[in-house]
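The values are calculated or read from the model by the stated rules, or taken from the named source; none is laboratory data. Everything numeric in this text was worked out from a predicted model, so none of it was measured. So basically every Cβ, Gly included, is an ideal-geometry build from the backbone, and we count neighbours across all protein chains shown.
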Amino acid sequence: MKKEFEWLKWFGLSIVVGILVAVAYLKGENDRGIKENVTLRSLIPTLKINKGNNAFVDNYMPQIEQQCSGLIKYKDDWNFEEITDRGFTIIVADKPKNEELIEFRSFRNRCFFDLSKDGRTVSIPKRACASLCKDQLIDNSNYKINVKSID
């Protein structure tokens, strides 16, 4: 009689394994979904947003994020230092988790993202910081990205 029900044991085991695989897959999908929802604005500590810089944050940050894929990719290796109505400053970690930032020589840098007077470009005055922004080596110490003025 035991051998007659041997198949039942294996059938039950395969169902349990299938459920575990499905749960692991769904958890992985959920984790990826969370990562995709990260924006430059969501990385700003709430206390750093105020009436003085809110227009810059709302209007220019999405444009900068669109052109600076490295800011989101390397988000664990830098922190906002200052945000003004004309730009922002980030501090890059001394020992970054991402090897690319060592190659870019971005580590230990204070990176400035400065809006031009006419509101049409954002200047990134260091090669290492421009490389972090673009996620590739940039050989330009006065790198600029174009943005649309909100005036």
Quick count over the range 47-73, residues being within 21 Å of Asn109 (Cβ to Cβ) and polar (S, T, N, Q), is 2
Among helices (runs of 4 or more DSSP H) entirely inside the range 40-151, those with 1 or more residues being small (Gly, Ala, Ser) are 40-43, 54-59, 69-73, 127-134
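Determine, yes or no, whether Phe11 is outside any loop (DSSP other than H, G, I, E, B) and modelled with pLDDT of 90 or more.
no
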Condition set of a type in the set (D, E, K, R) and farther than 25 Å from Pro62 by Cβ, scope the range 19-38, selection modelled with the lowest pLDDT: answer is Glu29
Per the filter on the range 76-104, residues surrounded by fewer than 16 Cβ atoms within 10 Å (Cβ to Cβ) and either touching a residue at least 40 places away in the same chain (Cβ under 8 Å) or under 14 Å from Lys134 (Cα atoms) (or both) are Glu103
Checked Ile49, Ile102, Ile44, Ile15 against criteria (among the β-branched types (Val, Ile, Thr) and closer than 21 Å to Leu137 by Cβ); the one match is Ile102
